[in-house]
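Participant: Let me give you the structure first, and then I'll get to my questions.
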Amino acid sequence: MGSAPARMRLQRNKTAVISALLPAVITFLVYLPALSNGFVEWDDAAYVYANPDIQRGVDLGFLKWVLTARTVDNWHPLTIISYAIDYSIWGLDPWGYHLVNIILHAANTFLVFVLTLKVSESLLTGPEGRKVDFYTLAAASIASLLFGLHPLHVESVATISERKDLLCAFFFLLSLLAYFKYKVSFSGQKVFYYFATLLLFIFAIMSKPMAITLPLVLLLIDFSLPGKIATGSGTAKIKGLVLEKIPFSLVSVFSAYVTIWAQEKQLFPAYALPLAYRLDIVVRGYAFYLKKMLVPVALAPLYPLPSRSDFFNSGFLISLFVLLAITVFSALAARKRLYLTAWLYYLVTLLPVIGFIQVGAQAAADRYAYIPSLSIFMAAGFCAASVIERTQKKTGRLAAAAVLAALAFVLAFQTVRQEAVWKDTISEWSHEIELYPGRIFPAYKQRGMAYARKGEYLKALEDFNKAAGLYQEDAVLYRFRGIVYGQMNNLGQAVEDLRKAVSLDPGDAENYYYLGLVYLKAGDLDNAVPNLKTAAGLGSGEAQTRLDSLKHSGGEVP
C-alpha cells in the first residue's frame, strides 16, 4: 500500500501531470489552423522545399555533411536533421512540417508548466521550497498558457523555417530542469544530472545558437537558490559555482565562433553602426519585446531598423525609464529572489539578438522572444496566483478565474488571426506592407516573386517596381523582373534587367541562364549561346541541357 506521505506525493504528482497536460492540449488545439498553411517565400525554400540535401536520406554521409554545413548563414545541424526526417515521412507536404512544429510548441508549453513548479519549489519560499498546491498549480497554469497561447510566438510555430526556435527551446528547458535535479541530487545521481544538463545544452546549441547564454542563466539560478541547495559559503562557494560552468562556457565560446563564421556575410561592421545607434537599438529593443508581450498587436514579419536621424528621442528616453523602473522594482520587491531572477533572465537571454552585434536588417523579430519571454510569463503567473491566493471569498476567486479565462480566449483569438498571416507568401508580405507601406524592400520583392510564380505578372511587376524604388542593388530582384518581362514579351526590358542582374552578381549562373533564354526567345543566337555557356560553366545543368538541345536540333552553336 505504501506510506501516507508516499501516497500523497503520488497524488500530487498525478495532479501536476494532468494540470500540465491541459495547457499543452489547449495550445495544440489553438494552433491546428496552421496545418493548412503552406511554405512561405523567405527561408522555407533554403531549409526545405528547395534544399536537395535533406532529400538524400539520413545516413552516415548526411550526418558527416550536416555537422559542417552552413544553411541560410546558420549552423544548426539538429534542425536540419529534423527536416531530413520530416522529408522522409511527409515529402514536400507542408502539413507534416507544421504538425511537428505544433507538437514541439505544445511540448514546450508542458515543460514551462513543469519548470514553473520546479522554480516554486526551489526559488520561491526558502530552503524547504513550496510543494504542489493551489497556488503553485495556478502559477504554472497561467505561465504555461501565456507561453503557449501568446501571439508573439506565432512566427516561431507557424513558420516551418523557424523550427530552430522550438527545438532550441525544447532542449534549453530540459537542460534547466536537469540542472535543478543536479542541484538537489547526491553522489552518482549528481554526476548523471550534471552531464545531462551539459548534453542537453549542446543539443540546444546545435538547434540554434540562441541558447548560448545558458551558462549565465545557470549562474542566475545558483545565486537565487536558497542556502540548502546552493551549498558552501563565501569565496569557496563562488569558485565552485564558476568552475562547474567551465564546460558550458567552452560550448558557448565554440558556438559564438561558429555563429560568427556562419553569419559573417550578415554582420554589420562596427563602423557601419556607431555605438550610440547600437545603444539606442538595444534600449528600445528590450522595451519593445515587453510592449509586444503586454499588447500583442501589429506583429510584423520584419521590423525595420530606425533611420539614423531617429534615435535618442522620446522613444529611447521612455524605454530607458521603463527598464530602470522595472530593475528597481525587481530589486526591491518582497520576493526579490523570484522577480529579480526573472528580470535578469530576460535581460541575459536577449543579449545575443538585442543589437549589440547587428545581424540582418531587422531591429527586432517576434521569434527572438521565444526563450526570453519565459521568465516574464512565469513572473506574471506567480503574480496573478498570489492575487488569487489572497482572495478569500469564493466569488472573488471565480471572478479572477473568469478574467483569466477571458484573457486566454483573447490571446487564443489573436494567435489564430496571426497564424493566417503566415498562411502563404502573399499573405505574409501583404501584412507587412499594410503595417509599413512603402518602407520594406524585401516585402515587395518577396510578394512580387510569389505573384510571378502564380503567373500574376502585372501584380508582380507592380511590386518589383516598388522594390526597385527602395533598393537598386539586388540581383535577384532584377532577375525576376527580367523573367516577368520576358514572359510578357517585353524582351528589350527583359534583357536590360537581366544584364543588370549579371552586373550585380556575376557569379550567379541563373542570371546568365535566363539572359540566354531571353536572347533565344528574341532569336539572337549570337548573344544567347555565350550566356548559356557561362551559366553552364558556373554549374547550371539547365543551361547545359539547353546547349545540348541546340546542338541536336541543328542549331549553329558558336
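Participant: Is it the case that some residue within the stretch 530-551 is closer than 25 Å to Asp463 by Cβ, touching a helix residue (DSSP H, G or I) at 6+ places or on another chain (Cβ under 8 Å) and open to solvent by 60 Å² or more (accessible area, probe 1.4 Å)?
Facilitator: no
Participant: Within the bounds of the stretch 422-430, is there any residue that is of a type in the set (D, E, K, R) and buried (at least 23 other Cβ atoms within 10 Å of the Cβ)?
Facilitator: The answer is yes; a qualifying residue exists.
Participant: I've got another one for you. Within the stretch 495-504, is even one residue modelled with pLDDT under 95, part of a helix (DSSP H, G or I) and within 30 Å of Lys459 (Cα to Cα)?
Facilitator: Within the stretch 495-504, not a single residue is modelled with pLDDT under 95, part of a helix (DSSP H, G or I) and within 30 Å of Lys459 (Cα to Cα).
Participant: Also: So which pairs qualify, if the first residue must be in the stretch 355-367 and farther than 18 Å from Leu299 by Cα and open to solvent by less than 10 Å² (accessible area, probe 1.4 Å), the second must be modelled with pLDDT of 90 or more and outside any strand (DSSP E or B), the Cβ gap must be under 7 Å, and the two must be at least 6 apart or on different chains?
Facilitator: Correct list of pairs: Gly355/Val282; Gly355/Gly285.
Participant: Return yes or no: is Tyr457 closer than 26 Å to Tyr303 by Cα and either surrounded by fewer than 15 Cβ atoms within 10 Å (Cβ to Cβ) or at pLDDT 95 or above (or both)?
Facilitator: So Tyr457 fails the test.
Participant: Of the residues in the stretch 38-50, how many are open to solvent by 10 Å² or more (accessible area, probe 1.4 Å) and either assigned to a loop (DSSP other than H, G, I, E, B) or farther than 17 Å from Asp86 by Cα (or both)?
Facilitator: Adding up the residues that qualify gives 6.
Participant: Here are the criteria: (1) of a type in the set (S, T, N, Q); (2) without any contact (Cβ under 8 Å) to a residue 24 or more places away in the chain; (3) closer than 30 Å to Gln487 by Cα. Tell me which single one Thr391 does not satisfy.
Facilitator: In the conditions (1) of a type in the set (S, T, N, Q); (2) without any contact (Cβ under 8 Å) to a residue 24 or more places away in the chain; (3) closer than 30 Å to Gln487 by Cα, Thr391 misses (3) alone.
Participant: So in the stretch 100-121, with the set limited to residues that are open to solvent by 30 Å² or more (accessible area, probe 1.4 Å) and under 18 Å from Thr15 (Cβ atoms), which one is modelled with the highest pLDDT?
Facilitator: Phe110
Participant: Based on what the data block shows, is Leu78 assigned to a helix (DSSP H, G or I) and either of a type outside the set (Phe, Trp, Tyr) or modelled with pLDDT of 90 or more (or both)?
Facilitator: Considered against the rule, which asks whether it is assigned to a helix (DSSP H, G or I) and either of a type outside the set (Phe, Trp, Tyr) or modelled with pLDDT of 90 or more (or both), Leu78 comes out as yes.
Participant: Okay, moving on. Pick out the one residue from Tyr182, Tyr97, Tyr87 that is open to solvent by 10 Å² or more (accessible area, probe 1.4 Å), within 30 Å of Gly57 (Cβ to Cβ), out of contact with any strand residue (DSSP E or B) (no Cβ under 9 Å at 6 or more places or on another chain) and in a helix (DSSP H, G or I).
Facilitator: Tyr87
Participant: Give the residue, chosen from Leu124, Leu146, Leu137, Leu92, that is open to solvent by 10 Å² or more (accessible area, probe 1.4 Å), at pLDDT below 95 and closer than 17 Å to Ile376 by Cβ.
Facilitator: Checking each option against the conditions leaves just Leu124.
The values are calculated or read from the model by the stated rules, or taken from the named source; none is laboratory data. All values reported here derive from a predicted model rather than from experimental measurement. No Cβ is skipped: glycine too gets one built from the backbone with ideal geometry, and neighbour counts run over all protein chains shown. To get the accessible areas, we keep the full protein, side chains included, count just its heavy atoms, and leave off ligands, DNA and RNA. Shrake-Rupley method; radii C 1.70, N 1.55, O 1.52, S 1.80 Å.
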